[in-house]
């Protein structure tokens, strides 16, 4: 169900995460969000952080905003994106986390920055039936949505990476535990949708990554990944707008592959996910798949990344506009969404870089909107009337 993007031409957003303010020193850990919000220091710092995130996105001019994934702790390489779920779901031994070797994922030897990321993979194991536990997504979304009138998109990691990485002492195999996590997440996401969340984003199905890494497994296949996605979001599109976020990895803002990757070989499989919008990393690949996106994805909206989360170089609005023009040669304007390649809060980027990348995203989109005769967004951050330099005589 299109809610946030309905009747919008070239709507703008970001993937989700933003750099954590240095003064946000409290952490959630294994506490439930509602328990943490009882603590006055956590509540003040958390609410102030979300307020700043929303305000900066608003003055940049984004149409759809996020809470910056403010509930994540300041873990190495953004590990909280992975371990928030097992630290808060039922069935996990959350108080006895242990190093979890990578299984089926990339291997990075000592001496590489991404080896730190592997060493920081410390996650609880499964010891009983998986339940929702105290994920409390609806409460987090409410805490953000009541601070803005713009639609707040809320994202979550999918079941596959959690099921792949955790030590399991309860289920028979990866298929059984993946479906258990999927069913618990589906219940949680229905509560989030029922609370009024206008966009729910399922982050990183492994469909394209399985192919790129040449992973051959009799169970964990691209078709299995599609099945997991659709099981996790079952029934949600009757209530809210569902997004499928894909990228090529993002710990520390580092590239996970030596070569630029193409989605072309997996677009037919991605087209089978039960989503309203599919997001693609495009800027860092130079837009190599824009034509393929338009040909393969014909009944969903397509969100392309026009700012690169790997780079601290802030994109020029003119270059972003050119990227959008290239996309419009293959994707109808009514089905094109403008976003970032991935999140910008995985420890490798400063707040100022992230903010001005968002400002550039809106400015570049406004260039194309003017050319098409579409309404432009009010980008207060780029209003020359408020430049301090212009005051100098």
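The numbers here are math on the coordinates, done by the rules we state, and not lab data. These numbers come from a predicted model, not from an experiment. Here Cβ is always computed from backbone atoms with ideal geometry, including for glycine, and neighbour counts include all displayed protein chains.
So for region 76-96 (the condition being part of a strand (DSSP E or B) and buried (at least 21 other Cβ atoms within 10 Å of the Cβ)), does at least one residue qualify?
Scanning region 76-96, I find at least one residue that is part of a strand (DSSP E or B) and buried (at least 21 other Cβ atoms within 10 Å of the Cβ), so the answer is yes.
Going through region 285-316 one residue at a time, which ones are outside any loop (DSSP other than H, G, I, E, B) and either surrounded by 20 or more Cβ atoms within 10 Å (Cβ to Cβ) or without any contact (Cβ under 8 Å) to a residue 12 or more places away in the chain (or both)?
Once the filter is applied, which keeps residues that are outside any loop (DSSP other than H, G, I, E, B) and either surrounded by 20 or more Cβ atoms within 10 Å (Cβ to Cβ) or without any contact (Cβ under 8 Å) to a residue 12 or more places away in the chain (or both), region 285-316 yields 290, 293, 301, 302, 303, 304, 305.
Check off (1) under 30 Å from residue 257 (Cβ atoms); (2) buried (at least 22 other Cβ atoms within 10 Å of the Cβ); (3) out of contact with any strand residue (DSSP E or B) (no Cβ under 6 Å at 6 or more places or on another chain) for residue 366 and give me the number that stays unchecked.
Every condition holds for residue 366 apart from (1).
Test residue 347 against the criterion of being surrounded by fewer than 23 Cβ atoms within 10 Å (Cβ to Cβ) and assigned to a loop (DSSP other than H, G, I, E, B), and give yes or no.
Spelling it out, residue 347 is indeed surrounded by fewer than 23 Cβ atoms within 10 Å (Cβ to Cβ) and assigned to a loop (DSSP other than H, G, I, E, B).
Conditions first: (1) touching a helix residue (DSSP H, G or I) at 6+ places or on another chain (Cβ under 8 Å); (2) closer than 20 Å to residue 5 by Cβ. Residue 378 passes all but one, so which condition is the exception?
(1)
Residue check, residue 111 against (1) outside any strand (DSSP E or B); (2) touching a helix residue (DSSP H, G or I) at 6+ places or on another chain (Cβ under 8 Å); (3) farther than 19 Å from residue 94 by Cα, all met but one. Which one?
With respect to (1) outside any strand (DSSP E or B); (2) touching a helix residue (DSSP H, G or I) at 6+ places or on another chain (Cβ under 8 Å); (3) farther than 19 Å from residue 94 by Cα, residue 111 is out only on (2).
Kindly establish whether residue 377 is part of a loop (DSSP other than H, G, I, E, B) and within 14 Å of residue 61 (Cβ to Cβ).
Here the answer is yes, as residue 377 does meet what is asked.
I need the full set of residues from region 135-166 which are more than 19 Å from the chain's Cα centre (by Cα) and more than 24 Å from residue 346 (Cβ to Cβ), in order please.
Correct list: 146, 149.
Kindly establish whether residue 341 is in contact with a helix residue (DSSP H, G or I) (Cβ under 7 Å, 6 or more places away or on another chain), buried (at least 19 other Cβ atoms within 10 Å of the Cβ) and either part of a loop (DSSP other than H, G, I, E, B) or in contact (Cβ under 8 Å) with a residue 40 or more places away in the chain (or both).
Here the answer is yes, as residue 341 does meet what is asked.
Just checking, which of 155, 133 is in a strand (DSSP E or B) and surrounded by 16 or more Cβ atoms within 10 Å (Cβ to Cβ)? Explain how you work it out, then say what you get.
Numbers: 133 fails: in a strand (DSSP E or B).
One residue alone meets the criteria, 155.
On the basis of being in a helix (DSSP H, G or I) and within 18 Å of residue 299 (Cα to Cα), does residue 229 make the cut?
Yes, satisfied.
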